[in-house]
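Colleague: I'd like to ask some things about the structure below.
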Amino acid sequence: MARIAGVNIPTQKRVEIALQYIHGIGRAYAKEICQKVGIAPERRVGQLTDAEVLQIRETIDRDYTVEGDLRRETAQNIKRLMDLGCYRGLRHRRGLPVRGQRTHTNARTRKGPAKPIAGKKQPTKK
């Protein structure tokens, strides 16, 4: 197993796909990295030499924000919004959808499981 940016990359997958296991690298960045290093994206990770893995690792460290640094940066951005007290920050603080989605129905991913309300009757089945 190759280890890049603190993540174990699966050896049986294509390089282009395996790089996407790293947080912060999607399909476009994976293709871009393969082009920069000069590796065919169809090759499997297990077929790469140590030098090629090292090149990939150096390219990612030099040119991309990934894993811990990216997570930290994202958390800081959210914390900044919350400290400002802006609308987006308040929505983050309350655990509600941030980007204008409706909350009368749906929004269960953000709000969590439905909480029963005292005194409200359940619809009866006949």
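Colleague: Using a Förster distance of 30 Å, how high is the FRET efficiency between Thr65 and Arg44, based on the Cβ-Cβ distance and rounded to 0.05?
Modeller: Numbers: r = 27 Å, r/R0 = 0.89.
Between Thr65 and Arg44 the formula returns 0.65.
Colleague: Next question. Please report the carbon-and-sulfur percent of the accessible area for the chain; probe 1.4 Å, protein heavy atoms only, DNA, RNA and ligands left out.
Modeller: 50 percent
Colleague: Largest first, what is the accessible-area ranking of Asp63, Asp83, Asp69 with a 1.4 Å probe? Numbers along the way, then the final one.
Modeller: Numbers: Asp63 70, Asp83 110, Asp69 90 Å².
So the residues, ranked largest to smallest area, are Asp83, Asp69, Asp63.
Colleague: If you average the sequence gap of Cα pairs under 8 Å that are 6 or more apart and divide by the length of the stretch 13-116, what percent do you get for the contact order?
Modeller: Relative contact order comes out at 18 percent.
Colleague: What whole-number value in Å² describes the accessible area per residue of the chain for a 1.4 Å probe?
Modeller: 75 Å²
The values are calculated or read from the model by the stated rules, or taken from the named source; none is laboratory data. Please read these numbers as outputs of a predicted model, since none were measured by experiment. Here the Cβ is made from the backbone with ideal geometry for all residues, glycine too, and neighbour counts use every protein chain on show. SASA here: full protein model, heavy atoms, side chains in, ligands and nucleic acids out. Shrake-Rupley method; radii C 1.70, N 1.55, O 1.52, S 1.80 Å.
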